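Structure record follows, encoded as structure tokens.
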Amino acid sequence: MASNKALTSLIGASSDTNYGPAYGANVVFPKQLMLQAVADALRQGRTANMADRNKVQAELESAMEGSNYEGLGWNVFDALDRLDPRVRDTIQNAIAGFVHSGAATSGDELTFFMSREVMRKFAPQVLVIAFSDVEAAHFGSYAFHLSGIRTADRLAYQLWQEIEANPDYRGNTTMVILPEFGRDPDGSSTNGFFNHRANSDSTRDTWMMTLGAAVESPQVIERPIRHIDLCPTLAGLLGCRPMDALGAKLREFRA
Amino acid sequence: MQVESKLTEKLQEALSKNLLKRFPVTFLPFINQQLHQWEYLFPNERKSTERLLLYVAQLSPEQSVSLFREVNELEEKMGVRHWQFSTAEQTIQNSSQLSSSPYFQEWRRSVQAVFDAADDYSRRMNEPAQKPGNRLILLDLPRNLPVDGANVWRRWQGIGRPVKLDLALSGGLGGAFEFLLTGKAGTPGAARERSAGLLDATLDRPQSSPADIWLVDAGRSLIDPFVDRQSGMNESRAVLLSCARLEAYRQNFSREMNSMRKDLADADAVFDRLRKVDVTPWCPVEVAAHPAVREFVRALYLTGNGAVIFGNSFVEWSASEAFRRARPSFLAAKFGVRSKPKPFTGVAVFENPELVNPLPAVDDPAGSAVDAQMLALYVWLAASRYEEYQKSAVCVCVAESLSEAYVVAPPEFARWRGPELVSLDRFGEALRAWIA
């Protein structure tokens with residue numbers, strides 16, 4: 001579940017045919033659905049609908065049903081441009097929850113509703129959720145950046161609540177929370193918090209939090225952890241055979 | 001060539017003697033682009049390019065081989081000659097190839113060393129003639145941005161000091177920023193007996209040159225009076241940028257950006273279109289009249305950093321780029337209030353929110369204040385990256401709602417201690433004396 005489609009639609013699978021699309025993940029871009037709905041409404045002279053929650057729901061559903069839904073994701077699911085009925089129901093439920101919950105209406109909120117619905121309907125063994133409201137920093141609003149952090153913090157907690165309440169996940173799930181990167185330092189030539197491309201510790205070093213089945217007891221680990229160690233560690237949790245990877249499994253994780 | 005005719009005779013002569021052949025390949029995209037865009041460069045950029053070229057021109061062949069030895073060796077190691085490398089202009093492909101090389105950082109240091117050598121040479125030659133003048137940066141957090149007196153200057157980490165401004169002693173005037181700038185307060189341009197403002201003091205400087213004074217505004221109230229009056233300041237001696245007055249320019253850019261499909265090829269095509277499109281019809285008069293400023297705004301929007309989205313980001317990024325490119329002696333910038341994102345449609349950042357959602361816009365003064373406080377600091381940090389501002393610049397950030405200013409200044413600037421109130425007149429006088 002990726003809020004931000006960024007510049008690629010092929011984030012679910014490798015393009016290598018030996019282990020690529022046939023083994024890839026299902027991908028959904030909820031924020032892209034919102035953008036599509038706005039664009040459709042604008043193009044078809046229905047922008048008045050965007051001020052009415054019931055009509056917003058119809059606009060989002062219409063965008064979902066649109067022939068170019070492929071462009072919104074689900075690239076490696078059974079149907080590329082026609083939604084599997086279970087998928088359609090899942091997304092419709094998520095949209096209804098999002099529109100009528102009375103909660104905030106950012107892209108990350110819809111991503112959360114979609115993720116929770118997917119957990120309830122499909123209970124995938126691996127679920128990767130990328131929130132991106134924080135990326136308002138790129139446009140220079142520190143207030144929106146902080147708001148995005150608070151939203152992601154709250155939604156991560158709500159996801160954990162879902163894990164604890166959902167029998168498919170309760171007791172057998174590990175949740176790992178990773179900020180994608182830091183921000184550039186104040187005063188850098190790359191314009192500080194706006195970006196994340198400076199060659200600096202402020203950009204590279206971040207934290208990680210792990211909850212659930214893989215951790216023994218509450219603890220804080222202060223030693224630096226290399227990001228290349230995460231892939232073999234998380235793959236080990238899923239029982240994958242040892243990987244040909246540069247990193248090593250982290251000893252703090254219980255396999 | 002038309003552009004060459006605008007180069008100095010000295011430079012034209014040097015170029016006619018195959019000067020560019022002495023340069024390593026990786027210097028050429030920058031130099032050629034600067035020469036081709038000469039009419040769009042600010043005096044500081046022209047001088048910088050000229051310094052480099054004339055420095056190399058006066059070297060003997062052996063000396064220039066020695067100067068470029070390290071860069072040439074690195075180019076050899078990087079395999080530049082096997083690259084698809086444009087020597088005509090700086091391209092994304094050029095940057096990508098350079099930055100992917102393991103020798104990139106080493107190459108950057110070597111290139112910088114060449115520029116440093118040119119600057120040293122120029123300083124040695126011109127030292128007796130030119131003494132750098134003082135500089136001033138004046139920033140405004142207007143009254144409608146609510147800031148908390150207890151922590152408004154926290155992010156400045158003690159690099160300066162707050163000064164309480166006594167507006168009563170200055171005749172109970174409303175706007176400290178405007179008073180300091182123009183010597184009057186109230187409605188901009190309104191008839192009122194006025195004392196000299198910082199603008200007058202800067203314009204009166206004997207060395208004042210084009211692009212030496214910049215006024216940047218998230219809204220339009222700072223710029224409108226100067227454009228309407230067409231008097232009081234020589235247009236060619238000040239760059240006037242108002243985010244609100246650039247609305248048509250901004251909207252046209254946003255529309256194009258929003259049309260981008262999410263792939264790199266399409267992004268390249270859109271940016272290419274925006275680099276070439278004639279922007280003059282979208283420009284307000286004060287921008288349309290000056291090719292360098294017109295192109296400055298285009299580059300500003302193309303480099304992002306929110307300049308096309310939020311007025312306050314426009315102010316910060318304009319000021320940062322002005323320092324980098326034009327090194328103005330005086331820059332005044334006013335932040336403003338943006339709207340809250342509208343429900344459900346806030347994700348479409350490049351769309352006009354008024355068009356995509358009929359709900360009325362709602363101001364976000366609290367959020368705008370958070371943005372502006374951070375961005376005001378960033379304006380100073382951007383300036384302080386350059387030698388010109390490190391020892392001879394005063395930065396004043398006025399928080400109108402607190403009648404307070406934060407002052408970053410070298411030791412020789414007038415200092416006020418403790419909780420003493422400083423009258424606006426006295427404060428303005430000290431700033432005028434500094435910049436005069």
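Bear in mind that the values in this text are calculations on the coordinates, not laboratory data. Source: prediction; values computed, not measured. Here the Cβ is made from the backbone with ideal geometry for all residues, glycine too, and neighbour counts use every protein chain on show.
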Inter-site label distance for B:Ala289 and B:Arg81 at 7 Å from Cα along Cβ, in nm: 5.3 nm
Can you work out D for chain A in µm² s⁻¹ from Stokes-Einstein, where Rh is the Kirkwood radius over C-alpha pairs, the temperature is 4 °C and the viscosity is 1.567 mPa s? 65 µm²/s
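Shape of the range B:275-383 from its Cα gyration tensor (a ≥ b ≥ c, root eigenvalues): rounded if a/c is under 1.5, otherwise prolate when a/b > b/c, or oblate? All intermediate terms of the calculation are to be shown ahead of the outcome.
Details: a/c = 2.31, a/b = 1.28, b/c = 1.80.
The shape class here is oblate.
Please work out the FRET efficiency for the pair B:Thr8 and B:Asp266, using the Cβ-Cβ distance as r and a Förster radius of 35 Å; give the result to the nearest 0.05. Before the final figure, lay out the partial values.
Values: r = 42 Å, r/R0 = 1.20.
That pair, B:Thr8 with B:Asp266, gives E of 0.25.
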Among the listed pairs A:Lys55/B:Lys334; B:Lys47/B:Lys334; A:Lys55/A:Lys121; B:Lys47/B:Lys164, which are separated by more than 32 Å between their Cα atoms? A:Lys55/B:Lys334; B:Lys47/B:Lys164
Please find the FRET efficiency linking A:Ser101 to A:Trp207, where r is the Cβ-Cβ separation and R0 is fixed at 22 Å, and quote it to the nearest 0.05. 0.15
Using the Kirkwood radius over Cα pairs, work out the Stokes-Einstein diffusion coefficient for the range A:139-255 at 10 °C and 1.306 mPa s, in µm²/s as a whole number. 96 µm²/s
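Just the number, please: percent antiparallel of the DSSP beta bridges in the protein assembly as shown, rounded to the nearest 5.
35 percent
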Counting only DSSP beta bridges fully inside chain B, the antiparallel percentage to nearest 5 is 30 percent
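What's the Cα-based Rg to Rh of the protein assembly as shown, Rh via Kirkwood? Don't jump to the answer; show the numbers that get you there.
On the way: Rg = 28.3 Å, Rh = 28.5 Å.
Rg/Rh: 0.99.
So if each residue of separation counts as 0.36 nm, and I subtract the Cα-Cα distance between B:Ser96 and B:Arg155, what length gain in nm does that give? Provide the component values of the computation, followed by the final result.
Numbers: separation 59, 0.36 × 59 = 21.24 nm, distance 3.47 nm.
This chain segment gains 17.8 nm when fully extended.
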Stretched fully, the stretch from B:Val65 through B:Lys47 gains (0.36 nm per residue minus C-alpha distance, one decimal, in nm) 4.1 nm
Among B:Leu431, A:Phe193, B:Leu20, the residue whose Cα sits farthest towards the positive end of the charge dipole of the protein assembly as shown, when +1 is placed on the Cβ of each Lys and Arg and -1 on the Cβ of each Asp and Glu, is B:Leu431
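With the Cα gyration tensor of chain B in hand, convert its eigenvalues to equivalent ellipsoid semi-axes via √(5λ) and list them largest first in whole Å.
Values: eigenvalues 306, 163, 84 Å².
The answer is 39, 29, 20 Å, longest axis first.
Let me know the charge dipole size of the protein assembly as shown about its Cα centre in debye, to the nearest 20, where only the beta-carbon of Lys, Arg (+1) and Asp, Glu (-1) is charged. Let's see the in-between values first.
Numbers: 76 positive and 83 negative charges, 137 e Å.
Dipole about the Cα centre, nearest 20: 660 debye.
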Taking chain B and counting helices only, DSSP H stretches of n ≥ 4 at -39,500 (n - 2.57) each over all residues, the nearest-500 ellipticity at 222 nm comes to -13500 deg cm²/dmol
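Which FRET efficiency value, to the nearest 0.05, is calculated for A:Cys231 and A:Arg154 with the Förster distance at 30 angstrom and r the Cβ-Cβ distance? Before the final figure, lay out the partial values.
Details: r = 28 Å, r/R0 = 0.93.
About 0.60, to the nearest 0.05.
Between A:Asn199 and A:Cys240, what length in nm is gained on full extension when 0.36 nm per residue of separation is reduced by their alpha carbon distance?
Values: separation 41, 0.36 × 41 = 14.76 nm, distance 3.40 nm.
So the extension gain works out to 11.4 nm.
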At A:Arg223 and A:Asp89, where each label point lies 7 Å from the Cα along Cα→Cβ, what is the point-to-point distance in nanometres? 4.9 nm
Go ahead and collect, in residue order, the members of the range B:209-224 whose backbone nitrogen is under 15 Å from a label point 7 Å along the Cα-Cβ direction of B:Asn144. B:217-224
